1. I need a count of the residues in segment 80-116 that are of a type in the set (Gly, Ala, Ser), surrounded by fewer than 16 Cβ atoms within 10 Å (Cβ to Cβ) and either more than 20 Å from Glu185 (Cβ to Cβ) or in contact with a His (Cβ under 7 Å, 6 or more places away or on another chain) (or both).
2. Got a number for residues in segment 122-158 being modelled with pLDDT under 90 and part of a loop (DSSP other than H, G, I, E, B)?
3. Given the conditions (1) closer than 22 Å to Pro104 by Cβ; (2) in contact with an Asp or Glu (Cβ under 9 Å, 6 or more places away or on another chain); (3) surrounded by 16 or more Cβ atoms within 10 Å (Cβ to Cβ), which single one is not true for Ala206?
4. Please verify whether Arg109 is in the same structural domain as Met141 (by TED's automatic domain parsing), among the basic types (Lys, Arg), assigned to a loop (DSSP other than H, G, I, E, B) and free of Cβ contacts under 8 Å to residues at least 40 places away in the same chain, treating the condition exactly as stated.
5. Restricted to segment 159-203, and to residues that are hydrophobic (A, V, I, L, M, F, W, C) and assigned to a helix (DSSP H, G or I), which residue is surrounded by the most Cβ atoms within 10 Å (Cβ to Cβ)?
6. Within segment 53-103, take every residue that is within 13 Å of Asp133 (Cα to Cα) and among the charged types (D, E, K, R) and give me the one that is nearest to the chain's Cα centre (by Cα).
7. Report whether or not Glu169 is over 24 Å from Asp145 (Cα atoms) and modelled with pLDDT under 95.
8. Have a look at Thr187, Thr178, Thr204 and point out the one that is in the same structural domain as Phe121 (by TED's automatic domain parsing), without any contact (Cβ under 8 Å) to a residue 40 or more places away in the chain and of a type in the set (S, T, N, Q).
Amino acid sequence: MTSRRTPSMTTDQVLTNPSKPGSGQEAINLQRRTLIGGSLAALLLSSGRLMAEEEGRQPKDPFILLLAGIYQPVPAGSGQGNLGLNSNTLNLDDGSYSKTKIYPIFGIRGSSDQDRAIGNFFVQLAGNLCAYDLPEGAIAMQFLDVPPLLSNPNSLGYNNYSTIAHPDEMGGQFLEGTFELTILEATGIYSAFAGGHNHMVARTHALANGSLDEFCFCNISQYQFP
């Protein structure tokens, strides 16, 4: 009967010389080093991606949003849940709010697809409070008062719509103005903007049927308005 042997060395030689080139132990060590190196590389790559994603979640200072679309009334008791904002700040279920869509323009995730709405804007059309329902957080704001010197028929549209309207030749008119708002509260990834400021530039279309079609850019920043 013939015995079976490896081409270059016996099994005993491999076991007694684990570090010798060509040994099974060296192959195992090489595989282990390769596995560890690959795992570390994957971990570093994954960590880098997570850090980049985390940084990408945070809005820039400032960031810009567009409010666009026809305002729809928010019925009392509709269950908006106040967006996680303090009920002492505002109450979106009291029947005084209307809402329209929010689109990303600059400095916020989704800006590369500006045609896709990312949230809802709630406002008291007969009051001075509003709220932004955004991905991963919400912001509550208050419109500042119209300066006394501009509260007259010759108002230029500062913190208010200009008294000079532009007819749309269909029974409605375009209302233009700028508005300054202070940020009362901010949650989630927008928390750093609490106490900050919002500068609005609006061109609102007042339709003949009484509806309001909004087109308003919002420049939201962390600094306080003078």
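The values are calculated or read from the model by the stated rules, or taken from the named source; none is laboratory data. Keep in mind it's a predicted model, so treat the numbers as computed, not measured. Neighbour counts run over all protein chains shown; Cβ positions are idealised from the backbone, glycine included.
1. Residues meeting the conditions: 2.
2. Number satisfying all stated conditions: 10.
3. (1)
4. no
5. Among them, the one singled out is Phe193.
6. Looking at the filtered set, the residue picked out is Lys101.
7. yes
8. Thr178
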